[in-house]
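J.: The structure that follows is given in the form of structure tokens.
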Amino acid sequence: MSAAMSRTATRGVVFVHAAPTALCPHVTWAIEAVLGQGVALDWIPQPIAPRLMRTELSWSGLVGTGAALASALRGWDGLRYEVTEEPSAVADGSRWSYTPSLGIHHTMTSVSGDAVIQEDRLRDAVARTRGDVSALQDEIDELLGVAWDAELEPFRYAGEGAPVRWLHKVG
């Protein structure tokens with residue numbers, strides 16, 4: 001990461017769609033460790049999953065904070081989350097999605113929030129599928145994170161209207 005990138009501000013959101021109650025303090029501590037400050041998360045029941053909780057946190061920080069947050073939460077049993085980082089003058093936007101069954105998926109995002117597939121990844125998918133349209137569709141779905149979206153969508157929908165807490169810290 002260049003010096004300019006490491007000092008460029010951006011913002012994003014951590015969406016914890018589902019976490020076992022016992023894991024909630026650990027998620028909070030992991031987020032605090034990445035952000036370098038305390039946070040007060042409003043944990044509320046996840047309507048579609050008994051005994052699971054959800055929360056959202058909007059953050060401001062340096063480019064790369066989204067990746068650090070996604071990495072800090074990765075691999076915890078029963079946790080479902082997404083982390084977004086908005087594009088900046090020096091970096092593309094990103095979204096990380098995590099489910100216990102699929103693991104983590106990263107995709108670049110445009111200013112409008114659409115998934116963006118890099119040219120080299122698309123060319124590689126076309127080359128690997130050798131004209132098999134069905135296989136190419138499967139490759140594109142993988143690159144776009146369709147399986148992650150399908151698994152997380154019920155949890156996202158259940159969170160509509162949930163409160164979002166804003167946290168601002170730069171540098």
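J.: Is it the case that some residue within the stretch 121-128 is in contact with a helix residue (DSSP H, G or I) (Cβ under 7 Å, 6 or more places away or on another chain) and closer than 30 Å to A33 by Cα?
T.: Within the stretch 121-128 (the criterion being in contact with a helix residue (DSSP H, G or I) (Cβ under 7 Å, 6 or more places away or on another chain) and closer than 30 Å to A33 by Cα), the answer is no, since none of the residues qualifies.
Matching residues to (1) under 22 Å from S88 (Cα atoms); (2) touching a strand residue (DSSP E or B) at 6+ places or on another chain (Cβ under 6 Å); (3) surrounded by 13 or more Cβ atoms within 10 Å (Cβ to Cβ):
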{"position": "V13", "(1), (2), (3)": "yes, yes, yes"}
{"position": "A19", "(1), (2), (3)": "no, yes, yes"}
{"position": "E32", "(1), (2), (3)": "no, no, yes"}
{"position": "A49", "(1), (2), (3)": "no, yes, yes"}
{"position": "T55", "(1), (2), (3)": "no, yes, yes"}
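J.: Return the only residue of T28, T99 being without any contact (Cβ under 8 Å) to a residue 24 or more places away in the chain and of a type in the set (S, T, Y).
T.: Among T28, T99, only T28 is without any contact (Cβ under 8 Å) to a residue 24 or more places away in the chain and of a type in the set (S, T, Y).
J.: Taking S110 as the residue in question, decide whether it is at pLDDT below 90, touching a strand residue (DSSP E or B) at 6+ places or on another chain (Cβ under 7 Å) and surrounded by fewer than 12 Cβ atoms within 10 Å (Cβ to Cβ).
T.: The answer is yes for S110.
J.: A follow-up question, please. Tell me whether the stretch 103-121 contains one or more residues that are among the polar types (S, T, N, Q), in contact (Cβ under 8 Å) with a residue 40 or more places away in the chain and in contact with a Leu (Cβ under 9 Å, 6 or more places away or on another chain).
T.: no
J.: Go through the stretch 100-137 and count every residue that is among the β-branched types (V, I, T) and closer than 22 Å to G66 by Cα.
T.: So the count comes out to 6.
J.: From the list V34, V13, V39, which one is farther than 21 Å from E142 by Cα, modelled with pLDDT of 95 or more, outside any helix (DSSP H, G or I) and out of contact with any Lys or Arg (no Cβ under 8 Å at 6 or more places or on another chain)?
T.: Exactly one residue qualifies, and that residue is V13.
J.: Among T129, T84, which is the only one that is more than 20 Å from C24 (Cβ to Cβ) and at pLDDT below 95?
T.: Going through T129, T84 in turn, the sole match is T129.
J.: Okay, moving on. Considering the stretch 78-95 alone, what residues qualify as being over 17 Å from R54 (Cα atoms) and under 10 Å from the mean Cα position of the chain (by Cα)?
T.: Hits for the stretch 78-95 are E85, S94, R95.
J.: Just one of the numbered conditions (1) at pLDDT 95 or above; (2) over 30 Å from Q46 (Cα atoms) is not true of I117; which one?
T.: Checking I117 against (1) at pLDDT 95 or above; (2) over 30 Å from Q46 (Cα atoms), the one that fails is (1).
The values are calculated or read from the model by the stated rules, or taken from the named source; none is laboratory data. The structure displayed is predicted, hence computed values, not measured ones. Using ideal geometry, Cβ is built from the backbone for each residue, glycine included, and neighbour counts are taken over all protein chains shown.
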